[in-house]
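Only one structure is covered here, and it is reproduced in the block below.
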Amino acid sequence: MEKPELVIGLFGFGVVGEGLYHVLENSKTVNARIKQICIRNPEKERSLPPDFFTNEVSKVLEDKEINLFVELIDDPVEAYNIAKTVLQSGRRIVSGNKKMLAFHLPELIELQQKHQGTLLYEASACGSIPIIRNLEEYYDNDLMTSVTGILNGSSNFILTKLFKSGTDYAAALKEAQNLGFAESDPSADVDGFDALYKLVIIATHAIGTWVHPEKLFHTGIRNISRDDIRFAIEKGFKIKLIAKLVKLGKENFSLFVMPSLTSPENYVYNVEDEYNGVIIEGQYYDKQFMFGKGAGAYPTGSAVLSDITACEHAYSYEYKKIKYFRKLSYSEDLKLKIYLRYENLIDLSHFSFETISEKYTSLQYNFVIGEIWLSELVRLKNIILKLNVFLAFYEEEV
């Protein structure tokens, strides 16, 4: 029996939106078509006929023939308004806006349950890797002990260039932008915001607890230097931007995003270019590794298509860990070993290390390796942005 056609109202026709259109046109697995596309700039030249497009949000939302909405815009406020309107009317929406989801997920979950709407967002977390669906269906138990991963393909592409080609940071960033992996304003990628938002979403499905993004520590790769790269190579490491969730006993857990000095024994050591890699570790099943492209039009468009197909089969997230599991508490009571490269003693004086195991000073390059509490890094997260420092989680195996 053929399922009813999905008539899609699409918001956004950037890299991912256009990628979705082409993926959908070439897919024979779902009975769906895009009827209307809402865009911000009606004057911009498009690859489709003009009658596909409108700049009126209400025109799409009020179209009675449209029975599925797909939101792929970069404005988190407008994305939230669209998602809220759709869910309040008991309809279905697929979203790729990780910032919007990270800040509003509890409310959106409540709206789904109250109005029997559906919200799916696989593409928001790891590009082509189906991490959310796996956490919902396969890892629907409380045996998980950690989730660790490269969640941002743009920063990983840049780091790959720095280590493989000896390219400098500015040139690597420019190449990532030219290929569509990084935005013209790359802050979300290179400062760790993007990975942080994805980690918040993943944590909600991994352990059933949401944490407000502003409570969490994150730092990125913007200040990485040739000295940091040389240090890593001399130690046999690579530097990867890592997002980590770790359980602390039976009651607590921690979350953070920061560069990591990664050894060849680490599963993510060989995750290169715009690829993502996620390690799920459990009490009895040890480590499971998932790998796939985390940036680009077609990989992300394919993840959106997966959610569209799921909607055709009336799939929705059950949020079993929120409903049935004991709620864990977020804690900053975690001691981390870090590498800190600094320019002067004033920068170093902001950091209260518990112990320092290695220290090096010269006219051009200074660093310390030591243990520091996550709570201390959270306290410093706004100050760090103003300092000429680079810090990395020093863990040989993840």
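The values are calculated or read from the model by the stated rules, or taken from the named source; none is laboratory data. In this text the structure is predicted, and so the values were computed from the model without any measurement. Positions of Cβ are backbone-derived with ideal geometry, glycine not excepted, and every protein chain shown enters the neighbour counts.
General remarks:
- Of the listed requirements (1) closer than 20 Å to Cys126 by Cβ; (2) modelled with pLDDT of 95 or more, Glu107 misses just one: (1).
- Residue selected from the range 319-361 under the condition in contact (Cβ under 8 Å) with a residue 24 or more places away in the chain and of a type in the set (Val, Ile, Thr), by the criterion nearest to Val257 (Cα to Cα): Ile338
- Looking across the range 110-130 at every residue that is at pLDDT 95 or above and among the hydrophobic types (A, V, I, L, M, F, W, C), the one that is surrounded by the fewest Cβ atoms within 10 Å (Cβ to Cβ) is identified as Leu111.
Let's see how each residue does on (1) buried (at least 24 other Cβ atoms within 10 Å of the Cβ); (2) among the small types (Gly, Ala, Ser); (3) out of contact with any Leu (no Cβ under 9 Å at 6 or more places or on another chain):
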{"position": "Thr145", "(1), (2), (3)": "no, no, yes"}
{"position": "Asn152", "(1), (2), (3)": "yes, no, no"}
{"position": "Gly166", "(1), (2), (3)": "no, yes, yes"}
{"position": "Tyr169", "(1), (2), (3)": "no, no, no"}
{"position": "Lys174", "(1), (2), (3)": "no, no, yes"}
{"position": "Gln177", "(1), (2), (3)": "no, no, yes"}
{"position": "Gly180", "(1), (2), (3)": "no, yes, yes"}
{"position": "Pro186", "(1), (2), (3)": "no, no, no"}
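- The number of residues in the range 248-265 being touching a Phe, Trp or Tyr at 6+ places or on another chain (Cβ under 9 Å) and either modelled with pLDDT under 95 or among the polar types (S, T, N, Q) (or both) comes to 6.
- If you go through the range 208-243 and keep only what is under 30 Å from Leu105 (Cα atoms) and either surrounded by fewer than 22 Cβ atoms within 10 Å (Cβ to Cβ) or modelled with pLDDT under 95 (or both), you end up with Gly208, Thr209, Trp210, Val211, His212, Pro213, Glu214, Lys215, Arg222.
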